[in-house]
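Here is the structure we will look at, set down as structure tokens.
The values are calculated or read from the model by the stated rules, or taken from the named source; none is laboratory data. Being a predicted model, the structure only gives us computed values, none of them experimental. Here Cβ is always computed from backbone atoms with ideal geometry, including for glycine, and neighbour counts include all displayed protein chains.
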């Protein structure tokens with residue numbers, strides 16, 4: 001049986017609670033990622049910032065303060081204020097079928113993989129499942 005550990009990305013790019021939306025923008029652009037886990041001061045998972053939440057906040061800032069102030073406000077806005085905090089994690093030994101069903105049910109683009117101590121081990125995204133489907137169709 002294939003499990004999440006077979007397709008998840010390890011060595012995930014993360015931010016900490018003090019990071020700003022500007023930090024997130026740079027990380028997303030540099031590494032071509034759409035989901036960034038945010039780690040708290042204890043090394044646990046505080047949440048995940050998706051491109052969707054980032055764009056929502058960027059549009060709110062632009063609407064309220066104007067596009068010419070966007071970079072200033074991105075540099076002042078902590079990611080912790082904008083991220084999805086209510087998220088479920090799953091262990092690496094979760095079957096791909098169960099993970100795929102959860103991803104579809106939650107309508108999220110990613111699932112965070114954590115160990116028993118709540119420490120981030122990896123991330124599995126909808127793109128990982130697309131990649132797997134392509135491999136299986138080949």
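Here are a few things to note about the model shown:
- For segment 90-107, the set of residues classified as exposed (fewer than 12 other Cβ atoms within 10 Å of the Cβ) and either touching a helix residue (DSSP H, G or I) at 6+ places or on another chain (Cβ under 6 Å) or modelled with pLDDT under 90 (or both) consists of 104, 105, 107, listed by residue number.
- For segment 108-122, the candidate set comprises residues that are under 14 Å from the mean Cα position of the chain (by Cα) and not in a strand (DSSP E or B); within that set, the residue that is surrounded by the most Cβ atoms within 10 Å (Cβ to Cβ) is 108.
- Residue 76 over 23 Å from residue 19 (Cβ atoms) and either touching a helix residue (DSSP H, G or I) at 6+ places or on another chain (Cβ under 7 Å) or surrounded by fewer than 19 Cβ atoms within 10 Å (Cβ to Cβ) (or both): no
- The listed residue being surrounded by 19 or more Cβ atoms within 10 Å (Cβ to Cβ) and more than 14 Å from residue 122 (Cα to Cα), out of 87, 49: 49
- Any hit, segment 30-40, residues being in contact with a strand residue (DSSP E or B) (Cβ under 8 Å, 6 or more places away or on another chain), surrounded by fewer than 17 Cβ atoms within 10 Å (Cβ to Cβ) and within 30 Å of residue 98 (Cα to Cα): yes
- Filter result for the condition that a residue is more than 11 Å from the chain's Cα centre (by Cα), under 16 Å from residue 123 (Cβ atoms) and at pLDDT 95 or above, over 15, 27: 27
- Selected residue [closer than 22 Å to residue 39 by Cβ and out of contact with any strand residue (DSSP E or B) (no Cβ under 8 Å at 6 or more places or on another chain)] from 128, 72, 81, 138: 81
- Contact annotation: residue pairs with Cβ atoms under 9 Å, 6 or more positions apart or on different chains, pairing a residue in segment 107-119 that is at positive phi and in contact (Cβ under 8 Å) with a residue 12 or more places away in the chain with a partner that is surrounded by 12 or more Cβ atoms within 10 Å (Cβ to Cβ) and not in a loop (DSSP other than H, G, I, E, B), are 118/44; 118/45; 118/89.
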